[in-house]
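The structure under discussion appears below in the form of C-alpha cells.
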Amino acid sequence: MSGCVTVIGTKSSKIASFDSPRAGARNLFMATLLPPPKRQKVFHGIPVPEEIPVEQSPNIVVQFVSEDDGSALAPAVSLPADVSREDLQSLVNRLTSKADEPVPFQFHVALPADAATKESSRIVIAKSIEADVLSHPSNAFSLEDILVVHCSPQSVFRVRPATRCSSSLSGHSSPILCASFSPTGNLLATGSGDTNARLWDLFTETPSHILSGHKGWVLCVEWEALERKLATGGHDSLVRIWDPKTGKPVGDALKGHTKWITSLSWEPIHINPSTPRLASSSKDGSVKVWEIATRRLEYTLGGHTASVNVVRWGGGGLDGKGVLYTASSDRTVRIWDANGGRPLHTLKDHAHWVTTLSLNTDFVLRTGPFDHTGKLPSSDDDAQSCALARYNALVSSTSELMITGSDDHTLFLWSLFPSRSDSNQLSEVAASNGGKLKPLARLTGHQRQVAHVAFSPDGRWAASAAWDNSVRLWEGRTGKFVATLRGHISAVYRLTWSADSRLLVSASKDTTLKIWDLKTYKIKTDLPGHTDEVYCVDFVADKIVSGGRDRTVKIWKN
C-alpha cells in the first residue's frame, strides 16, 4: 500500500498509516524521548541549597559631629549603611587624627521632634546604621537624608557589670540607711538605725570595725577624699569623726545642731589637701562648717527657713576657692562663698521641697587624686596637684553644673559659675531678668516626687529617680531628655554610676537593684536578693554595695 511507514517505539511497536511522507516525519519527531533530568547534587544525603544572591547594602551620607558642641568632626562621607559600630569608631579616630591612640566612642542619632516619644528621643547605634537607624520603627530617616551622627568619647577603661551577689554581710540589727565606698574602694562604711556605723574590709568582705557613739539613727556617712577620716551624722543631731584604720573616734562629737543631720560634705582636696573642713546640714534649717583640726565651728549659714536637705561643697566659685550649695524644704536653693559664708545666689524656681542636688564634679571631688590607674599620691602636695588636674580636665569643656530635684516633680539644671568665655553672656541674661539667674533647662516628665538625681562621672549624663517607678536619663550639659528606663514596679530610691559612665544602677522599694544598658535603654542585669526595700546603693571599681530594710549588706560582683 502506498504511503505506509512502520515506526518501532522503545516499549511497543506501532504501525501508522499516513497520507504523505511529510505527515510521517512530523509524527516521528514527536515520538522522540527527552533526556533524563540532571542528577541533583547532595552533601551527605542532603540536597545543597541554591545560592541566594547577596543584596548590596545601600550607601548613605553621614556627617559626624561632636557631642560637646555640635561641631563637625570631618566633612560628610558616603558609607555603606551596614558598616558596623566598631568600623565607625575606627573611621572617626582616623578622621580626627587619633588613630595612634584610639578613643572609644558612642554614636547616636537624634530623633526629630515629631518622632520622639516619652520613652526615647534618640537612637543609639549599637550594631550598624542600617540595623538601628534605617530599620527603626519610627521610619524617621531615609537613604536620601544626610544622617547627623553624634559622637561621644568614652572612658578608655571599662567596668564589668555585676552579675552575682558575692557576700551577704549581717551585723546591723536595724535597717541600713546609708552606705558609701571609700575613694580607693578598699573600705566600705554603712550606717544603720541601730545607732552604729560599721566599717567593712572589701579584700576579705568581712567586718572591720563597729563605730559606736551615736545615740540615734546614723543617717549619713561621708569619706574624706584622701581616706584619712570618716564623718557620720545622726538623728541625735551630732556629727562624729572617725579614724578608719583603728575604728576609734577622733575627739568628741561636733555639737551645735538642734535637730538631726541630713547631709555631710568635705572640702575638696584640690583646695585644701592637708586639713579639709567639713560642712553639715540639718533639719534645724542651718548649715555649719567645722574646722576638723581644731574641732571648732568656723561659721553657720542661717538663711534657710526650713530643713536643709542637702549640702555640697563645690570646687569652683568666682575665685576657684570653693562654694557651698544647699537645697532646702523652704523651696529654695542657696549658694554661698565657702570662705566666710557670704551668700551669693538664691534660686526660687522650685514650687515644692527641694530634696536632692548633684554636681557634675561630684565624682572627681569625692575620689580626689585616685583614678583608674591605681596610682597613690606620695604627699599632700602630690595629692592636691593630681586632684586639681582631674578637676580641671572635667571642667575644661564646661563649667561646674548643678542639677536640683524637687517634690514638684521637676528638676532644674544650673550653670552658676561659667567659664570666662560664657560669663559675659550669663551676666547679660541675668541683667535682662532683673538680676535673677535663669536655669539652663527645666526637666519635666516625672509624674511623682523626684527622689534622687546623680551626674555620671564624666558629666555627660544625669539620671533621676522618682516615686513614679521610673528612671529618666538626661543630657548632662543641656538637660535634654534622652530616655525613660522602665522596669521597677515600685518607687526608685537611689541611683549610682559606674566609674566609666557606661552603667547605671538603681535601687528600689520593690526589693531589687537593676543595672541599665545605656545602648538599648533596657535592663542589662537584674539583681534580686534583698527581702525588703533597698534604701542605699554605691558603685566603685567593679563592686556594688546595697543595703536596706532587711538589715543585710550585699556586695555584688561580676
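The values are calculated or read from the model by the stated rules, or taken from the named source; none is laboratory data. All of these numbers come straight from a predicted model, not from anything done at the bench. Here the Cβ is made from the backbone with ideal geometry for all residues, glycine too, and neighbour counts use every protein chain on show. Calculation scope for accessible area: heavy atoms of the full protein, side chains included, ligands and nucleic acids excluded. Shrake-Rupley method; radii C 1.70, N 1.55, O 1.52, S 1.80 Å.
Please indicate, with yes or no, whether at least one residue in the stretch 92-100 is in contact with a strand residue (DSSP E or B) (Cβ under 7 Å, 6 or more places away or on another chain) and open to solvent by less than 50 Å² (accessible area, probe 1.4 Å).
yes
Scan the stretch 131-147 for residues that are on the phi < 0 side of the Ramachandran plot, surrounded by fewer than 16 Cβ atoms within 10 Å (Cβ to Cβ) and either over 25 Å from the mean Cα position of the chain (by Cα) or among the aliphatic types (A, V, I, L, M) (or both) and report the count.
Adding up the residues that qualify gives 9.
Does Ser78 fit the bill of being in contact with a Pro (Cβ under 9 Å, 6 or more places away or on another chain) and either within 26 Å of Arg460 (Cα to Cα) or open to solvent by 20 Å² or more (accessible area, probe 1.4 Å) (or both)?
no
Restricting the stretch 320-335 to residues that are open to solvent by less than 10 Å² (accessible area, probe 1.4 Å), over 10 Å from Asn309 (Cβ atoms) and not aliphatic (A, V, I, L, M), which is nearest to the chain's Cα centre (by Cα)?
Checking each candidate, the answer is Tyr325.
I'm told Val354 meets every condition in (1) open to solvent by 10 Å² or more (accessible area, probe 1.4 Å); (2) touching a residue at least 12 places away in the same chain (Cβ under 8 Å) except one. Can you identify the failing condition by its number?
Exception for Val354: condition (1).
Of all residues being of a type in the set (A, V, I, L, M) and open to solvent by less than 10 Å² (accessible area, probe 1.4 Å) in the stretch 357-369, which is nearest to Val540 (Cα to Cα)? Just the residue, please.
Once the filter is applied, the top-ranked residue is Leu359.
Which condition from (1) under 16 Å from Ser168 (Cβ atoms); (2) touching a residue at least 60 places away in the same chain (Cβ under 8 Å); (3) among the β-branched types (Val, Ile, Thr); (4) assigned to a loop (DSSP other than H, G, I, E, B) is the one that Thr520 breaks?
(1)
Where the second residue is open to solvent by 60 Å² or more (accessible area, probe 1.4 Å) and the first is free of Cβ contacts under 8 Å to residues at least 12 places away in the same chain and lies in the stretch 273-298, which pairs have Cβ atoms under 9 Å and are six or more apart or on separate chains?
Going by the 9 Å Cβ cut-off, the qualifying pairs are Thr294/Thr275.
Consider Val505 carefully, then state whether it is over 20 Å from Gly405 (Cα atoms) and of a type in the set (A, V, I, L, M).
no
Please verify whether the stretch 170-189 includes one or more residues that are touching an Asp or Glu at 6+ places or on another chain (Cβ under 7 Å), open to solvent by 10 Å² or more (accessible area, probe 1.4 Å), in contact (Cβ under 8 Å) with a residue 40 or more places away in the chain and under 30 Å from Val92 (Cβ atoms).
No, the stretch 170-189 contains no residue that is touching an Asp or Glu at 6+ places or on another chain (Cβ under 7 Å), open to solvent by 10 Å² or more (accessible area, probe 1.4 Å), in contact (Cβ under 8 Å) with a residue 40 or more places away in the chain and under 30 Å from Val92 (Cβ atoms).
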